[in-house]
Amino acid sequence: MFRKGVGVFRKADDQMIDEIIQAAQEAGSILLDAQNSAEVSRKSMHELVTTADLLSEQYLRTRLLEIEPKAGFLGEESWEGEFPAPPFWIVDPLDGTNNYAHGYPVWAVSIAYWNGSDVEYGCVHDPGRNETFSASMGSGAWMNGHRILSTGVKDISDCIFATGFPYHRKINDPGMDLDVLRYFLERVQGIRRGGSAALDLAYVACGRLDGFWEEHLKPWDMAAGFLLVIESGGKVSSYKGEEWSPASGGVIASGELIHRTMLQGITHRKNR
């Protein structure tokens, strides 16, 4: 059963992605240094924000606009609900803040570059594991400089999937379609919930996960991971099964051979 692939070492022939990788890694160092002293507050009942999120975004805004001064900037902590004119950076300075605040080691920095029609560059950096996932449009997906491939599994009974739980859940209202969760629980080997959509998508890209779905996400949760999955040979749709874009409110990502099955499972349960 084919799970993933790691091939040749990436040649450092693309200055843009190399600078993005460096920026992500430097932001990761800021987050590691601040973890024990970061102040924590609430955005909502279930969603936290820390002073480290703000430090990381401040650094990335400055650094990325040095790399491409003409680009706009869309960051989670400064988002005002409208997309800037393209091209623009799409940045999650700390994806998995709740994990970070609790010392749970599943969090990452996510950076994408949207050129107006495509995600042209994407990087997800995991400081805790020292793993950096990167992709340039048309040039494959990579982890620490080695080529990665999404799963070649054909049957979802051989799969491990991941999903996420929305922040807007409340008592007697989980904020998500539990029928979809139940549908896959009955059919796959296991379902994981890591708490970082950016890392979940990176793990689909390298074959650690066979598929990932989540209905309620923001552009910064998905953009870099979208390109990683596409460039690894996988498939990505919006949660409604349409073509993905930064405006999509959710995502379905998987290896190419099981994507149709995932779509059918989700749309079947949603339409009941």
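Here are the numbers:
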{"item": "Filter result (part of a loop (DSSP other than H, G, I, E, B), loosely packed, with under 14 Cβ neighbours inside 10 Å and either outside the structural domain of TYR100 (by TED's automatic domain parsing) or modelled with pLDDT of 85 or more (or both)) within the range 3-53", "result": "ASN36, SER37, GLU39"}
{"item": "Check on LEU181, modelled with pLDDT under 95 and either of a type in the set (A, V, I, L, M) or assigned to a strand (DSSP E or B) (or both)", "result": "yes"}
{"item": "Criterion: at pLDDT 95 or above, closer than 22 Å to ALA247 by Cα and under 13 Å from the mean Cα position of the chain (by Cα) - qualifying residue of VAL124, VAL106", "result": "VAL124"}
{"item": "Residues (in contact with a helix residue (DSSP H, G or I) (Cβ under 8 Å, 6 or more places away or on another chain) and more than 18 Å from CYS123 (Cα to Cα)) located in the range 23-36", "result": "ALA34, GLN35"}
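Condition check ((1) closer than 24 Å to ASN99 by Cα; (2) touching a residue at least 40 places away in the same chain (Cβ under 8 Å); (3) outside the structural domain of ASP95 (by TED's automatic domain parsing); (4) surrounded by 24 or more Cβ atoms within 10 Å (Cβ to Cβ)) across all residues:
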{"position": "VAL204", "(1), (2), (3), (4)": "yes, yes, yes, yes"}
{"position": "GLY207", "(1), (2), (3), (4)": "yes, yes, yes, no"}
{"position": "TRP220", "(1), (2), (3), (4)": "yes, yes, yes, yes"}
{"position": "GLY250", "(1), (2), (3), (4)": "yes, no, yes, no"}
{"position": "THR261", "(1), (2), (3), (4)": "no, yes, yes, no"}
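The values are calculated or read from the model by the stated rules, or taken from the named source; none is laboratory data. Just so it is clear, the model here is predicted, and its values are computed rather than measured. Heads up, the Cβs are rebuilt from the backbone with ideal geometry, glycines too, and the neighbour counts pull from every protein chain shown.
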